Amino acid sequence: MNAAAGQSKRIRVAVVGTGEFGRNHARVYREIESAELVGVFDQNQERGAAVAAEFQTQVLKSLDELRGRADAASVAVPTVAHAEVGCRLLEMGLDVLVEKPIAVNLAEADALLHAAQKNGRILQVGHVERFNPAVVAVEPILNRPLFFEVHRLGVFTPRSLDVDVIYDLMIHDLDILLALVDEPVAEVKAVGIPVLTDKVDIAHARLEFTGGAVANITASRVSTERVRKMRFFQQHEYISLDYARRDALRIAVKKPGPQPEFGFEKLKAPSVEPLHAELEAFVDAARSRKEPRTNGAAGRAALELAGRVMASIQEHAARVNLLGGRTMAGAMGDRKAAGLDVFATHDKTK
């Protein structure tokens with residue numbers, strides 16, 4: 001936090017990028033008592049002005065206007081611009097929450113981490129599902145889970161199409177699995193195919209961790225229904241999380257044998273919107289200077305694992321000639337090919 005923002009003062013926040021997700025950031029910042037929304041910026045001035053008017057704040061004409069005006073900012077621009085915009089804000093002295101994925105590649109992720117360290121700033125990554133009440137509820141009861149089944153399915157929308165579904169949707173679950181298992185991933189096997197776009201729209205991955213835990217993950221943005229669920233098994237227990245309902249159920253074996261008895265417990269979960277919890281944590285980190293739970297290192301780890309999943313998909317695709325020889329360099333989109341200005345408005349999928 002800047003010297004101007006003491007323990008008793010509200011943290012001055014701004015939003016860069018006012019697409020659907022950036023608009024939601026502005027909405028939630030207005031709800032957080034310890035935050036003051038001082039402005040929004042988008043190269044699409046009309047969109048930025050509309051969001052500014054909706055949430056009674058200033059529309060900024062350039063990023064430079066944030067210097068000295070804000071203590072922290074959310075970055076909700078296209079993925080290809082995360083590193084450029086994020087580094088610029090960090091060098092201006094702002095704490096930064098950058099939407100997931102942290103960056104296009106590990107080199108740009110490292111640039112963000114370096115800029116945060118060099119300037120003594122907080123860097124948080126928008127892995128919002130880590131703040132889902134269902135995830136928060138299961139963390140205290142973890143007991144070496146060994147098998148996970150994860151489904152994150154959504155209907156097609158013309159959003160976040162500058163990245164493959166691995167970086168759009170699956171990365172949420174990769175981040176959560178890394179946090180819950182807390183072990184390196186030893187092996188990755190994956191398959192994915194384009195359906196409605198030229199990028200991977202549906203994918204399945206199998207991860208094996210060094211300690212023996214296994215996770216099967218399916219992610220799709222071309223399904224007929226919306227499903228956000230994780231199930232995992234640990235000794236004598238089965239845990240079911242529903243991200244959409246924001247709840248978790250614990251099913252334990254009370255009496256094993258041919259006539260077993262089971263105990264059902266709905267885990268206590270906080271009643272909070274995940275985005276509200278995420279942004280409140282960001283504001284608290286800006287005040288306390290403590291590392292956020294989804295810090296830059298966590299964001300980089302999720303991106304690195306997503307890259308391994310994508311590489312396995314491409315290896316499989318090469319065998320069946322599915323992706324036409326796309327390389328990792330093009331997997332996350334190219335600035336020229338995407339035709340996107342680095343500060344352009346972009347809608348991101350949750």
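Quick look at the numbers
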{"read-out": "Residue check, Ala318 out of contact with any strand residue (DSSP E or B) (no Cβ under 9 Å at 6 or more places or on another chain) and modelled with pLDDT under 80", "value": "no"}
{"read-out": "Counted residues, the range 227-237 - those being open to solvent by 60 Å² or more (accessible area, probe 1.4 Å), over 17 Å from the mean Cα position of the chain (by Cα) and at pLDDT 95 or above", "value": "2"}
{"read-out": "Cβ-Cβ under 8 Å pairs, at least 6 apart or on other chains, the range 262-276 side modelled with pLDDT under 90, far side polar (S, T, N, Q)", "value": "none"}
{"read-out": "Matching option when the condition is of a type in the set (Gly, Ala, Ser), in contact (Cβ under 8 Å) with a residue 40 or more places away in the chain, touching an Asp or Glu at 6+ places or on another chain (Cβ under 9 Å) and under 15 Å from Phe282 (Cα atoms), among Ala73, Ala103, Ala81", "value": "Ala73"}
{"read-out": "Which listed residue is in contact (Cβ under 8 Å) with a residue 24 or more places away in the chain and either under 19 Å from Val283 (Cα atoms) or β-branched (Val, Ile, Thr) (or both), from Gly154, Gly86", "value": "Gly86"}
{"read-out": "Qualifying strands (runs of 3 or more DSSP E) (wholly inside the range 171-239; at least 2 residues being touching a residue at least 40 places away in the same chain (Cβ under 8 Å) and of a type in the set (Gly, Ala, Ser))", "value": "185-193, 202-209, 214-220"}
{"read-out": "Test: residue in the range 21-40 that is at pLDDT 95 or above, over 23 Å from Ala286 (Cα atoms), part of a helix (DSSP H, G or I) and among the hydrophobic types (A, V, I, L, M, F, W, C)", "value": "no"}
{"read-out": "Failed criterion for Glu84 (all others in (1) acidic (Asp, Glu); (2) part of a loop (DSSP other than H, G, I, E, B); (3) surrounded by 16 or more Cβ atoms within 10 Å (Cβ to Cβ) hold)", "value": "(2)"}
{"read-out": "Residues of the range 202-226 satisfying the condition of being open to solvent by 10 Å² or more (accessible area, probe 1.4 Å), at pLDDT 95 or above and under 17 Å from Ile171 (Cα atoms)", "value": "Ile202, His204, Arg206, Glu208, Val214, Asn216, Thr218"}
{"read-out": "Test result for Ala116, outside any helix (DSSP H, G or I) and either polar (S, T, N, Q) or touching a Leu at 6+ places or on another chain (Cβ under 6 Å) (or both)", "value": "no"}
{"read-out": "Subset tally (residues that are open to solvent by 60 Å² or more (accessible area, probe 1.4 Å) and in contact with an Asp or Glu (Cβ under 9 Å, 6 or more places away or on another chain)) for the range 250-279", "value": "3"}
{"read-out": "Selection from the range 291-309 of residues that are in contact with a strand residue (DSSP E or B) (Cβ under 8 Å, 6 or more places away or on another chain) and under 13 Å from Tyr167 (Cα atoms)", "value": "Gly299, Ala302, Leu305, Arg308, Val309"}
{"read-out": "Looking only at the range 281-299, and only at residues there that are surrounded by fewer than 20 Cβ atoms within 10 Å (Cβ to Cβ) and part of a helix (DSSP H, G or I), the one that is farthest from the chain's Cα centre (by Cα)", "value": "Ser288"}
{"read-out": "Test set (1) within 17 Å of Thr18 (Cα to Cα); (2) out of contact with any Gly (no Cβ under 8 Å at 6 or more places or on another chain); (3) open to solvent by less than 40 Å² (accessible area, probe 1.4 Å) - Gln45 fails condition number", "value": "(3)"}
{"read-out": "Qualifying positions in the range 84-110 - more than 16 Å from Ala301 (Cα to Cα) and of a type in the set (Gly, Ala, Ser)", "value": "Gly86, Gly93"}
{"read-out": "Enumeration of residues in the range 156-183 that are in contact with a helix residue (DSSP H, G or I) (Cβ under 9 Å, 6 or more places away or on another chain), within 18 Å of Asn216 (Cβ to Cβ) and open to solvent by 20 Å² or more (accessible area, probe 1.4 Å)", "value": "Leu178, Ala179"}
{"read-out": "For Val125: the one exception among (1) in a strand (DSSP E or B); (2) open to solvent by 10 Å² or more (accessible area, probe 1.4 Å)", "value": "(2)"}
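The values are calculated or read from the model by the stated rules, or taken from the named source; none is laboratory data. Please read all numbers here as calculations on a predicted model, not as lab measurements. Because the Cβ atoms are built from the backbone with ideal geometry, glycine has one as well, and the counts that use them run over all protein chains shown. The accessibility values were calculated without ligands, DNA or RNA, using every heavy atom of the protein model including side chains. Shrake-Rupley method; radii C 1.70, N 1.55, O 1.52, S 1.80 Å.
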